[in-house]
1. Out of the GluC sites (Glu not before Pro) in segment 20-74, which ones are loop residues according to DSSP with at most 14 other C-beta atoms within 10 Å?
2. Considering only C-alpha atoms, what is the centroid distance from segment 43-63 to segment 73-89, in Å?
3. Would you mind checking the pairs Lys116/Lys148; Lys86/Lys148; Lys86/Lys144 and listing those with alpha carbons more than 21 angstrom apart?
4. What is the calculated FRET efficiency for Lys54 to Leu95, with r their C-beta to C-beta distance and R₀ = 41 Å, to the nearest 0.05?
5. If you stretched the chain out fully between Phe7 and His28, how much longer would it get, using 0.36 nm times the residue separation minus the C-alpha to C-alpha distance?
6. Pulled fully out, how much extra length does the chain show between Ile121 and Gln42, if you take 0.36 nm times their separation in residues and subtract their Cα-Cα distance?
7. Which of the trypsin sites (Lys or Arg not before Pro) across segment 1-106 are loop residues per DSSP, with 15 or fewer other Cβ within 10 Å?
Amino acid sequence: TDGILHFIGNDQKYPESPNRYLAAQGAHIAHMLRDMYQDKEQGFINVPKEIIEKYKFAADDFEHPNFRRWVQEQVELSEMLFAEGKEYLDKLPILRSKIAGYWYCARFEPILKVIKEDNYILREGYDQYKTKQNLVKMMLTSIKIVPKHYLG
């Protein structure tokens, strides 16, 4: 978030708010879920030990019902963080920062959608954000943001 605000927004002063980093936190969760298989191959399990013990699943059993329940909770949390984070983005004074923030969210939101469609079973790869459909969605988002930015 700070990178977007600094580099895209020319280091302008931005509103202090507890919501400032929520979209980035949502993206972090989606990124973690997206890379779960690759992380496992690298010997890294991106699930807290307390969660594994609480839900009683093996850290690499991605199809276990309790693992899928945890994934569902993470998807729902990420979606909530994106929604609340966008409320912060809507208040930004620099239009290009606002658009960049929304585009950042749009990079990860299709991954969450696919995880939900797959009934919370993770895949080895996610290229959904690279589609023409997602590019059009990003463009339409930009078109919606511009009038709201100038008209309030």
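Values in this text are rule-based calculations from the coordinates and carry no lab data. Since the structure is predicted, the reported quantities are computational estimates derived from the model, not experimental observations. Backbone-built Cβ (ideal geometry, glycine too); neighbour counts: all protein chains shown.
1. Values: sites: Glu41, Glu50, Glu53, Glu63, Glu73; in loops: Glu63.
In loop regions of segment 20-74 (DSSP not H, G, I, E or B), the sparsely surrounded GluC sites (Glu not before Pro) are Glu63.
2. Distance between centres, Cα-based: 23 Å.
3. Working: Lys116/Lys148 30 Å; Lys86/Lys148 13 Å; Lys86/Lys144 13 Å.
Pairs exceeding 21 Å: Lys116/Lys148.
4. Values: r = 44 Å, r/R0 = 1.07.
Calculated transfer efficiency: 0.40.
5. Values: separation 21, 0.36 × 21 = 7.56 nm, distance 1.99 nm.
Difference between extended and current length: 5.6 nm.
6. Working: separation 79, 0.36 × 79 = 28.44 nm, distance 1.99 nm.
The Ile121-Gln42 span can extend by a further 26.4 nm.
7. On the way: sites: Lys13, Arg20, Arg34, Lys40, Lys49, Lys54, Lys56, Arg68, Arg69, Lys86, Lys91, Arg96, Lys98; in loops: Lys13, Arg20, Lys56, Lys91.
Those that pass, being in a loop and sparsely packed, are Lys13, Lys56, Lys91.
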